[in-house]
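Since the structure comes first, as structure tokens, the remarks are kept for the end.
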Amino acid sequence: MKWVILVAGVIVGIGLLMVVIGLLLPRNHIATSQVELKQPIDSVWATVRALGDTPSFWPELKSASRMPDVEGKETWGQTMKNGFNLPLVIDEERPPNLLVTRIVAKHAPFGGVWRYSLEPVNSGTRITVTEDGWVSNPMFRVISRLMGHHTTLDSYLKGLSRKFGEETVPTHKWD
């Protein structure tokens with residue numbers, strides 16, 4: 001019986017410690033990842049903009065489908081492999097250089113904006129994705145910090161690269 005109480009106390013203590021640390025971490029973050037592809041900008045843009053096809057190359061995304069407009073803006077529902085359902089609105093679009101999406105889920109533990117910037121370079125395309133995000137749950141803040149704010153961005157960019165038959169290593173920028 002002492003062991004059960006001890007183990008339960010350790011688990012509760014770790015949970016409390018994570019909450020305290022999470023409360024000390026900033027709620028908001030900005031992270032940027034980028035890769036250079038050997039593809040023309042129009043090809044990269046077409047793939048990035050085809051939000052319904054994103055699950056075909058991004059392993060973290062289970063499904064994506066068009067939803068009714070929210071706030072008068074084009075909206076897509078995305079279901080992540082971890083089960084989170086994230087409705088995204090298109091806040092801004094300037095083909096073939098800029099796409100800005102925003103999570104509009106109410107009561108979500110995290111959210112924010114992804115800004116996709118494309119520019120022609122070296123007969124290919126540099127794609128830069130910036131996440132201006134937030135994490136409301138203190139325990140999720142700790143997990144997010146431990147995993148790294150670039151993890152999801154990098155996963156997306158690596159999947160995009162593989163879609164074109166390329167292997168890339170994203171570079172990072174902290175703002």
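Taking trypsin sites (Lys or Arg not before Pro) in DSSP loop conformation with at most 16 other Cβ atoms inside 10 Å as exposed sites, the chain has its longest uninterrupted site-free stretch at 107-175.
For the chain, what is the charge dipole size about the Cα centre, in debye to the nearest 20, if Lys and Arg each add +1 at the Cβ and Asp and Glu each add -1 at the Cβ?
600
Separation of segment 40-85 from segment 119-138 is 15 Å, based on Cα centroids. Only Cα pairs under 8 Å and 6+ residues apart enter the sum, and on that basis the relative contact order of the chain stands at 30 percent. Within the accessible area of the chain, what % is carbon and sulfur when the probe is 1.4 Å and the other protein chains stay in place? Carbon and sulfur: 61 percent of the exposed surface of the chain. Only helical runs count toward this figure. For the chain, summing -39,500 (n - 2.57) over DSSP H runs of n ≥ 4 and dividing by all residues gives -10000 deg cm²/dmol at 222 nm.
Split the chain at each of the GluC sites (Glu not before Pro) in a DSSP loop with at most 10 other beta carbon atoms within 10 Å, and the longest piece is 72-166. Bridging of residue 73 to aspartates and glutamates at a Cα separation below 16 Å is possible for 91, 92, 93, once same-chain residues fewer than 8 apart are set aside. Helix by helix through the chain, keep the DSSP H runs that span 24 Å or more along the axis on Cα and average at least 0.5 on Kyte-Doolittle, and give those back in order. Going by DSSP H runs, the hits are 2-24. For Rg/Rh (Cα atoms, Kirkwood Rh), one of [x] 1.06; [y] 0.93; [z] 1.18 was computed from the structure I shared and the rest are decoys. Which label? This structure yields the entry labelled [x]. Note on residue 25 and residue 123: with the Förster distance fixed at 45 Å, the Cβ-Cβ geometry gives a FRET efficiency of about 0.60. Averaged per residue, the chain has 56 square angstrom of accessible surface, using a 1.4 angstrom probe with ligands and nucleic acids left out.
The phi-based Karplus calculation (6.51 cos²θ - 1.76 cosθ + 1.60; θ = phi - 60°) puts the 3J(HN,Hα) values of segment 55-68 at x, 6, 10, 9, x, 6, 9, 7, 7, 8, 8, 5, 10, x Hz, whole numbers, x for Gly and Pro.
The values are calculated or read from the model by the stated rules, or taken from the named source; none is laboratory data. All values reported here derive from a predicted model rather than from experimental measurement. Reconstructed Cβ throughout: ideal geometry from the backbone, glycine too, with neighbour counts over all protein chains shown. With ligands, DNA and RNA removed, areas are computed over all heavy atoms of the protein, side chains included. Shrake-Rupley method; radii C 1.70, N 1.55, O 1.52, S 1.80 Å.
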